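Report on one structure; see the data block that follows.
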Amino acid sequence: MAAAIRDYHAHVYFDADSREPARALREAVEERFEVEMGRWHEKLVGPHPRWSYQIKFQPALFDELVPWLMLNRRGLTVFLHPNTGQDLEDHRDHPVWMGELLPLKISLFEDD
């Protein structure tokens, strides 16, 4: 039986050249949706290969937020994954990519 999805994280990736579109997207998401915004990281954090911020949202919002992100991501790459408590599988086996497919540092979740 599949694990239950508690919530989702959408990680918006940006760099120095795409900082302003990332900021504008963040503001638009905050205005339109009931989400929890993560910190703005202008450094590499966790398994993520670029600067990023996180959008945490509940499953009930998926049908509204995800299509909106697909159409309004301003050319940015968005990495979306469920949170089931199985970090490795959530990041490796169950993600949705919008834009460029980037390599994650999955080894952070693997058992030694």
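The values are calculated or read from the model by the stated rules, or taken from the named source; none is laboratory data. This structure is a prediction, so every number in the text was calculated from the model and none was measured. Positions of Cβ are backbone-derived with ideal geometry, glycine not excepted, and every protein chain shown enters the neighbour counts.
Across segment 73-112, what is the number of residues that are under 14 Å from the mean Cα position of the chain (by Cα), in contact (Cβ under 8 Å) with a residue 24 or more places away in the chain and not in a loop (DSSP other than H, G, I, E, B)?
Number of matching residues: 10.
Of the residues 34, 30, 20, 64, only one is assigned to a loop (DSSP other than H, G, I, E, B) and either without any contact (Cβ under 8 Å) to a residue 12 or more places away in the chain or of a type in the set (D, E, K, R) (or both); which? It would help to see each step written out before you state the result.
Working: 30 fails: assigned to a loop (DSSP other than H, G, I, E, B); 20 fails: assigned to a loop (DSSP other than H, G, I, E, B); 64 fails: assigned to a loop (DSSP other than H, G, I, E, B).
Selected residue: 34, the only one of 34, 30, 20, 64 that is assigned to a loop (DSSP other than H, G, I, E, B) and either without any contact (Cβ under 8 Å) to a residue 12 or more places away in the chain or of a type in the set (D, E, K, R) (or both).
(1) at pLDDT below 95; (2) assigned to a loop (DSSP other than H, G, I, E, B): which one isn't true of residue 43, the others all being true?
With (1) at pLDDT below 95; (2) assigned to a loop (DSSP other than H, G, I, E, B) applied to residue 43, the lone miss is (1).
Quick grid of which residues meet (1) surrounded by 18 or more Cβ atoms within 10 Å (Cβ to Cβ); (2) of a type outside the set (Ser, Thr, Tyr):
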{"site": "29", "(1), (2)": "yes, yes"}
{"site": "34", "(1), (2)": "no, yes"}
{"site": "59", "(1), (2)": "no, yes"}
{"site": "80", "(1), (2)": "yes, yes"}
{"site": "107", "(1), (2)": "no, no"}
